[in-house]
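S.K.: Here you go, one structure.
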There are 2 protein chains.
Amino acid sequence: MKKQNLEKLFAPKSIAIVGASNKKGKIGTVLVNNITKLGYKGKVYFVNPTYKVIGLKKSYSALEEITSQVDLAILAIPAKFVFQTIEKASDSVKNFVVISAGFSETGAEGKALEDKLKKLAQVKGLNILGPNCLGFVAPALKLNASFAGGMPEAGKIAFVSQSGALAVALMDKARSENLAFSEIISIGNKMQISESELIEYLGDDKQTKVIGMYLEGIKDGEKFLKIASKVSLKKPIVILKAGKTAKTQLAIASHTGALAGSDEITSVAFEKAGVIRVDNLDEFLNVLKLASSYEAPTSSLCAVLTNAGGAGVLATDAFKDKNITLAEISPASKKKLRAILPAEASVENPIDLLGDAQQDRYLGALEILQQAKIENIFCLLTPQNQTNVAEIAQVILEKAQARKLNLIPVFIGGEKVASSIAKLTKNNLVNFATPEAAINTFEKYYNWQLFKTAKPEVSTLKLSATRKDQAQTIIKKALAEGSKALSFADGARVMELYGVKAVAHSVVTSENIEKLDLGFPLVLKVDSDKILHKTEQGGLRLGIKNQEELKKAFAEMNEVFKGEKIIAQFQAGKFAEIILGIKKDPIFGPVIVYGLGGIYTEIFKLVNFLLAPMSLAEIETQLLKSKINFLFKGARGQAVCNSREFAEILLGLMSFAQENPQVAEFDINPLFIYNDKQEARAVDIKVIF
Amino acid sequence: MKKQNLEKLFAPKSIAIVGASNKKGKIGTVLVNNITKLGYKGKVYFVNPTYKVIGLKKSYSALEEITSQVDLAILAIPAKFVFQTIEKASDSVKNFVVISAGFSETGAEGKALEDKLKKLAQVKGLNILGPNCLGFVAPALKLNASFAGGMPEAGKIAFVSQSGALAVALMDKARSENLAFSEIISIGNKMQISESELIEYLGDDKQTKVIGMYLEGIKDGEKFLKIASKVSLKKPIVILKAGKTAKTQLAIASHTGALAGSDEITSVAFEKAGVIRVDNLDEFLNVLKLASSYEAPTSSLCAVLTNAGGAGVLATDAFKDKNITLAEISPASKKKLRAILPAEASVENPIDLLGDAQQDRYLGALEILQQAKIENIFCLLTPQNQTNVAEIAQVILEKAQARKLNLIPVFIGGEKVASSIAKLTKNNLVNFATPEAAINTFEKYYNWQLFKTAKPEVSTLKLSATRKDQAQTIIKKALAEGSKALSFADGARVMELYGVKAVAHSVVTSENIEKLDLGFPLVLKVDSDKILHKTEQGGLRLGIKNQEELKKAFAEMNEVFKGEKIIAQFQAGKFAEIILGIKKDPIFGPVIVYGLGGIYTEIFKLVNFLLAPMSLAEIETQLLKSKINFLFKGARGQAVCNSREFAEILLGLMSFAQENPQVAEFDINPLFIYNDKQEARAVDIKVIF
């Protein structure tokens, strides 16, 4: 995977506007104005065969006519002219923004046009942003290479949007919300430059402190995971991913597939890559603001100062089920607090400075907390009659600038707090309108710091060519015989290669029925890829207690399912039933699915997902955080199942999925697991091509 | 329960300020200024023995000196003078606001003072708001009878706050957030006037369209439920209830008690009473704004119009798991839409009018939706370069005023949309900053409409004096014998009175052991209130298969537990295990708790709560919405348990709790239930005094 060099695209020294115009209502006109009138210092060329000049400037009749260096060409011309325009200039111009719509978003014809363009880009080594995009804005260069109006403040947030309109809305919000940007990039159809390439580029961009993305889809799951995991170690990636209710794109018939929601897989992928996922636009802006202005918190311990008991109570509620917590105030600190606060003040956390609190109490309390090494402090304030809002804001500002304290103001009010909030904001503090928003946002930022600190290992799966050969031999033989699925016996042989053992079993024939030696009770099953719902068709007999019953059942089943293979399995007891599967996600490829089996499968939907590659240790860690962790952590003093053994099974499945890509559906349902040192055993295995 | 007449308190024609002052920094001074300088038209008297005049006005030395009618006296004097001041004037003055702090919030002494004051109020028929409150503000009367500054716009929101500081913050927010109030009331210690009395008063108040409350506690659960249920049928009550993480106030040792969270019980109570519960300050303000400006939606069907695909996608996500839904657009309407929209526009819901949409497309689409009788329409807009924001706002405004359409603007942006949002807001439309906030808020309002439409019956429990006598005879006998709990046999007799049957059982003695006639297998148990953990001490034998085993087990158990009662129970099979209990909630009294029993009790915590009184039909409805509804609705085609039978058991428990208040702890764990017409059976019954 070669890194694309996007430097010249996003920081061009010279730009050609193809489709430049000065006719009102034309996108070309907006581009001309945006690029020439907002302070961009580079060279600008206009291209439009209709005109000789545009304004006072020459208009070239074709891009390739420009003899000087053109770092970037922006195309706002009908889709049908885009390919030839780029092709003709492609020896000299290497970076393009294609504003033009009319490509893959319009159907098959447009898709063909886009594919042709993509190929050209590959052959000629071009960078093409779009097509069907808004362009981009680089405030530090005063470059608005888009048809959205205005020039936001230069800052540390890179915003990448799959919706041009949302980029526009955010640019408009920028000033009132105090958002400042290193880049705003509209990615349109993501033909060649998608979220992954931009995460990589922006990860290296010195101006960018935080990457924020609005995405409706992810183009290449594997690439995304690889790049985002790496960049997340350097700077936070915040993604608002829409499409929670979209129908899963591939209909997957297997049982586990039906339980899987691809939105949940996206969440799993984001967590694996250290991406901060936000649920809505409010959260998105809040996290971007906080992460661009504050260093990530290194401690989970927080304090709350307030001049309003009610606000303190709301803050306490907001810490419920969070990874950040209200710190215990030590007896020594409490003593100090009592010395500076009135008797009725609360020195528990939240620290209630009382309604008549002025800057001295805020300052005193901040200093005591600082001595107590509590670094994260939410400073709540309501503008009561006697409150000197500006003075208190000043104290918070000075303390915040003096040293590495994370001071988060939460000034709740309107007119009486507005100018103080403006002052705090101007000095790079972020004021939140409610304690809940402040605490929610802060936790998300802290979680990213946790990811970064854990420095997750870069895992690779240890694949085995020998094992793969053995598995493929079995699979290819079945395919050659025209089967659509492996028999249980073959499935068991394959899974054994990957460390998953099946219950004791044997194909039963009239010849061997006397000497099976599996023990009793037995289960008798028809084992055929033609009969997928064997229970309903009488192809399953449970609880066969002796040789006599066995013979009778075999005779009957042989009669109904003439010529089909019949197998006997030892009917084992169990501690718990597990369901395992492989779900082919359209974005992230084969995903391991596991959960609670048996009658509760559909009631509780305790399903978990794993994305390859993972190490055994990582899988075990996830397992112990999973929705079925109670099996491995114990409840009511029961002996627990072996999490290492089960993690090995999951690792086996992961390897199996990688080495045998032609498997379309895969289920083990159920797998019996035990808490008494018995080995886990697959009872049914479905491998469908 | 006599309704308190609070008319004169909150709409006084004459006011005396006790503790009036003109010294800077005094609360009395703030009160004087607030009441005399903000437009209040009634008579005002000052009382302060220190002065002859305050400003140009006479200062009375005592409240009772004023010979004219005083509708309301506001006290801002030290706590120790409050009682005598009120007592002396109590023949002529009947309404008081006690601003003074220093009562129950300070400890035992203050509590005694408050109790004394409360008694005085009862004896003399007084209305006292507070003590320890901020006062109240009645904008329509231009009356600010509080020590918070300013005079908010008069409007339809009554805001009641247990935190004075939050009331202050909201008053300050009022203008920027376009909040307009009928009343703002700070309730302080809620000595005599709590949320319940105010809900009742505001329920009748013509100016109030929506009641919003910030509460940290509820004073009287039963009264609250009764009043709120009634008022909810007239106007929405929106409550921000803090205290989610507060430790449950009563330590309850029983198993079900340990699972119960009193915050969840508050939620159950609110749902029962039709109260809209909000989770945070943002939601609170949003619902108040919507409910004060819009009629409640009578249909769950919504449409989304947007000029930004991305915003439409976010809106679609926000409908996930909601009670309101995106309406299907009929083929006829789609045809009409296609006729007025460009080919690339989407006529599915969300209807994407495209980035270059102007007022004509919004207007056309609105008219088509109106013809299609879709009444709830979210109008999303991002200010794209070509967007005429003001014109589109005008169209929405006209359509909203023309007829009963619920048009919710969601203009996303900053400077470019600010003046249009201001215009919409001024004309009583509520603009939301994000689609998520709009849709979340709208659903909450719709849910209230659902409650109102369902017109829930006012339930009463049919109690029975005979049954109560019988139960009490058994309980009192055990108490007289010095027992702390009922034996299983006695518990079973009591529960049978309430329609809950126990498994077949009998006390075993050396004499009757030969002729028990319970069948096999049997369970043998020691049945004593001294041995509560019988399993651990060997007081429980399962799976006794025949008479011989029975005799052996009995002899052994008799040896270990000398002199204790031993019982035999038929060891029944089961379909599912249920856990039942009664939890004494400090606010709402006895609450019925039921959930999934057995090994999954603590893992899945499928616990549900019921608040008395309820009818059988109501209980069954709740059961079918409960966390264990899968037992009664069926999963995987299994036969289902009888929901009516189980509802009868729950009703029995509810009656039991009402008729036998001396029971401190009550558990049935487990109750076996069946899906094959067998009756449910209690296997263990714990009744502790």
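The values are calculated or read from the model by the stated rules, or taken from the named source; none is laboratory data. Remember, it's a predicted structure, so these values are computed and weren't measured experimentally. Counting neighbours? That spans all protein chains shown, and the Cβs are built from the backbone with ideal geometry, glycine included.
S.K.: Picking from B:Gly125, B:Gly149, which residue would you name as being loosely packed, with under 14 Cβ neighbours inside 10 Å and out of contact with any Pro (no Cβ under 8 Å at 6 or more places or on another chain)?
M.R.: Exactly one of B:Gly125, B:Gly149 is loosely packed, with under 14 Cβ neighbours inside 10 Å and out of contact with any Pro (no Cβ under 8 Å at 6 or more places or on another chain), namely B:Gly125.
S.K.: Can you confirm whether A:Val607 is in the same structural domain as A:Leu497 (by TED's automatic domain parsing) and crowded, with 19+ Cβ neighbours inside 10 Å? Give the steps one after another, and end with the answer.
M.R.: On the way: in the same structural domain as A:Leu497 (by TED's automatic domain parsing): yes; crowded, with 19+ Cβ neighbours inside 10 Å: yes.
Judged against the criteria, A:Val607 is a match.
S.K.: If you go through the range A:202-249, how many residues are assigned to a helix (DSSP H, G or I) and not hydroxyl-bearing (Ser, Thr, Tyr)? Break it down into steps so the answer makes sense when it comes.
M.R.: Keep residues of the range A:202-249 that are assigned to a helix (DSSP H, G or I), which gives A:202-204, A:221-231.
Then drop every residue that is not not hydroxyl-bearing (Ser, Thr, Tyr), which leaves A:202-204, A:221-228, A:230-231.
Selection size over the range A:202-249: 13.
S.K.: Yes or no: A:Leu113 farther than 26 Å from A:Leu202 by Cα and either within 35 Å of the chain's Cα centre (by Cα) or of a type in the set (A, V, I, L, M, F, W, C) (or both)? Steps first, please.
M.R.: Details: farther than 26 Å from A:Leu202 by Cα: yes; either within 35 Å of the chain's Cα centre (by Cα) or of a type in the set (A, V, I, L, M, F, W, C) (or both): yes.
Yes; evaluated as a whole, the condition is true for this residue.
S.K.: Just the residues that are under 35 Å from the mean Cα position of the chain (by Cα) and at positive phi, please, taken from the range A:471-506.
M.R.: Once the filter is applied, which keeps residues that are under 35 Å from the mean Cα position of the chain (by Cα) and at positive phi, the range A:471-506 yields only A:Gly499.
S.K.: May I ask you to say which residue of B:Ser528, B:Ser510 is surrounded by 13 or more Cβ atoms within 10 Å (Cβ to Cβ) and either outside any helix (DSSP H, G or I) or in contact with a Pro (Cβ under 9 Å, 6 or more places away or on another chain) (or both)?
M.R.: B:Ser528
S.K.: Out of the residues in the range A:375-389 that are out of contact with any helix residue (DSSP H, G or I) (no Cβ under 7 Å at 6 or more places or on another chain) and farther than 20 Å from A:Leu314 by Cβ, state the one that is surrounded by the most Cβ atoms within 10 Å (Cβ to Cβ).
M.R.: A:Glu375
S.K.: Residue by residue through the range B:547-577, note down the ones that are hydrophobic (A, V, I, L, M, F, W, C) and either loosely packed, with under 15 Cβ neighbours inside 10 Å or within 18 Å of B:Phe488 (Cα to Cα) (or both).
M.R.: Hits for the range B:547-577 are B:Phe554, B:Ala555, B:Met557, B:Val560, B:Phe561, B:Ile566, B:Ile567, B:Ala568, B:Phe570, B:Ala572.
S.K.: Pairs only if they're at least six apart or on different chains, beta carbon under 8 angstrom, first in the range B:143-159 and on the phi > 0 side of the Ramachandran plot and among the basic types (Lys, Arg), second surrounded by fewer than 24 Cβ atoms within 10 Å (Cβ to Cβ) and not in a loop (DSSP other than H, G, I, E, B); list them, first residue then second.
M.R.: Between residues of the range B:143-159 that are on the phi > 0 side of the Ramachandran plot and among the basic types (Lys, Arg) and residues that are surrounded by fewer than 24 Cβ atoms within 10 Å (Cβ to Cβ) and not in a loop (DSSP other than H, G, I, E, B), there is no close pair.
S.K.: State all residues of the range A:318-336 that are in contact (Cβ under 8 Å) with a residue 12 or more places away in the chain, among the charged types (D, E, K, R) and away from chain B (no Cβ under 11 Å); if no residue qualifies, say none.
M.R.: Selection gives A:Glu328, A:Lys334, A:Lys336.
S.K.: Got a number for residues in the range A:152-182 being within 26 Å of A:Lys43 (Cα to Cα) and touching a Pro at 6+ places or on another chain (Cβ under 8 Å)?
M.R.: Here the count works out to 9.
S.K.: Can you spot a residue in the range B:126-146 that is over 26 Å from B:Val210 (Cβ atoms), within 13 Å of chain A (Cβ to nearest Cβ) and among the polar types (S, T, N, Q)?
M.R.: Yes, the range B:126-146 contains at least one residue that is over 26 Å from B:Val210 (Cβ atoms), within 13 Å of chain A (Cβ to nearest Cβ) and among the polar types (S, T, N, Q).
S.K.: Okay, moving on. Taking helices (runs of 4 or more DSSP H) that do not extend beyond the range A:262-351, which have at least 1 residues that are among the aliphatic types (A, V, I, L, M) and either in contact with a strand residue (DSSP E or B) (Cβ under 6 Å, 6 or more places away or on another chain) or under 20 Å from A:Asn447 (Cα atoms) (or both)?
M.R.: Result: A:262-272, A:281-293, A:309-318.
S.K.: While we're here: What are the pairs, 6+ residues apart or on separate chains, where a residue within the range A:25-40 that is over 16 Å from A:Ala11 (Cα atoms) and in the same structural domain as A:Leu134 (by TED's automatic domain parsing) has its Cβ under 6 Å from a residue that is surrounded by fewer than 23 Cβ atoms within 10 Å (Cβ to Cβ) and of a type in the set (S, T, N, Q)?
M.R.: Close Cβ pairs (under 6 Å, with a partner that is surrounded by fewer than 23 Cβ atoms within 10 Å (Cβ to Cβ) and of a type in the set (S, T, N, Q)) amount to A:Gly28/A:Ser21; A:Thr29/A:Ser21; A:Thr29/A:Asn22; A:Val30/B:Asn385.
S.K.: Could we say that A:Asp360 is surrounded by fewer than 17 Cβ atoms within 10 Å (Cβ to Cβ), under 19 Å from A:Asn307 (Cβ atoms) and modelled with pLDDT under 95 here?
M.R.: So A:Asp360 does not fit the description; no.
S.K.: Residue check: is B:Asn447 at pLDDT below 95, surrounded by fewer than 22 Cβ atoms within 10 Å (Cβ to Cβ) and out of contact with any strand residue (DSSP E or B) (no Cβ under 6 Å at 6 or more places or on another chain)?
M.R.: When the stated conditions are applied, B:Asn447 does not pass them.
Yes/no per residue for (1) over 30 Å from A:Tyr498 (Cβ atoms); (2) in the same structural domain as A:Lys565 (by TED's automatic domain parsing); (3) not in a loop (DSSP other than H, G, I, E, B):
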{"site": "A:Cys379", "(1), (2), (3)": "yes, no, yes"}
{"site": "A:Gln386", "(1), (2), (3)": "yes, no, no"}
{"site": "A:Val395", "(1), (2), (3)": "yes, no, yes"}
{"site": "A:Lys399", "(1), (2), (3)": "yes, no, yes"}
{"site": "A:Asn428", "(1), (2), (3)": "yes, no, no"}
{"site": "A:Asn440", "(1), (2), (3)": "yes, no, yes"}
{"site": "A:Leu450", "(1), (2), (3)": "yes, no, yes"}
{"site": "A:Lys468", "(1), (2), (3)": "no, no, yes"}
{"site": "A:Lys477", "(1), (2), (3)": "no, no, yes"}
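S.K.: Wholly within the range B:1-100, which strands (runs of 3 or more DSSP E) include no fewer than the required count, namely at least 1 residues that are more than 14 Å from B:Phe136 (Cβ to Cβ)?
M.R.: B:14-18, B:43-47, B:57-60
S.K.: Can you tell me which residue is farthest from the other protein chains (Cβ to nearest Cβ) among those in the range A:352-377 that are outside any helix (DSSP H, G or I) and of a type in the set (A, V, I, L, M)?
M.R.: So the residue we want is A:Ala372.
S.K.: Of the numbered conditions (1) over 12 Å from the mean Cα position of the chain (by Cα); (2) within 14 Å of chain B (Cβ to nearest Cβ); (3) surrounded by 24 or more Cβ atoms within 10 Å (Cβ to Cβ), A:Tyr201 satisfies every one except a single condition; which is it?
M.R.: (2)
S.K.: Among the numbered criteria (1) in contact with a helix residue (DSSP H, G or I) (Cβ under 7 Å, 6 or more places away or on another chain); (2) within 14 Å of A:Met191 (Cα to Cα); (3) away from chain B (no Cβ under 14 Å), which one does A:Ser100 miss?
M.R.: (3)
S.K.: Applying the selection to the range B:396-424, what residues are more than 14 Å from chain A (Cβ to nearest Cβ) and over 14 Å from B:Thr306 (Cα atoms)?
M.R.: Within the range B:396-424, the first condition is being more than 14 Å from chain A (Cβ to nearest Cβ), and the residues that meet it are B:396-408, B:423-424.
Residues satisfying the conditions are B:Leu397, B:Glu398, B:Lys399, B:Ala400, B:Gln401, B:Ala402, B:Arg403, B:Lys404, B:Leu405, B:Asn406, B:Lys423, B:Leu424.
S.K.: Just the residues that are polar (S, T, N, Q) and within 12 Å of A:Gly125 (Cβ to Cβ), please, taken from the range A:73-91.
M.R.: Result: A:Ser90, single match.
S.K.: Select the strands (runs of 3 or more DSSP E) contained entirely in the range A:584-689, then report the ones holding at least 1 residues which are at pLDDT 90 or above, away from chain B (no Cβ under 14 Å) and out of contact with any strand residue (DSSP E or B) (no Cβ under 9 Å at 6 or more places or on another chain). If you could, list the steps in order and put the result at the bottom.
M.R.: Numbers: elements: A:589-596, A:607-611, A:665-673, A:685-688.
Here the list is empty.
S.K.: Mind checking which residues of the range B:378-395 are within 14 Å of another protein chain (Cβ to nearest Cβ) and farther than 21 Å from B:Ser293 by Cβ?
M.R.: Those that are within 14 Å of another protein chain (Cβ to nearest Cβ) and farther than 21 Å from B:Ser293 by Cβ: B:Thr382, B:Pro383, B:Gln384, B:Asn385, B:Gln386, B:Thr387, B:Asn388.
S.K.: Separate question: Say whether the condition of being surrounded by fewer than 24 Cβ atoms within 10 Å (Cβ to Cβ) and among the hydroxyl-bearing types (Ser, Thr, Tyr) is met by at least one residue in the range A:302-309.
M.R.: no
S.K.: For the range A:390-397, does any single residue satisfy the condition of being at pLDDT 95 or above and among the acidic types (Asp, Glu)?
M.R.: Yes, that holds for at least one residue.
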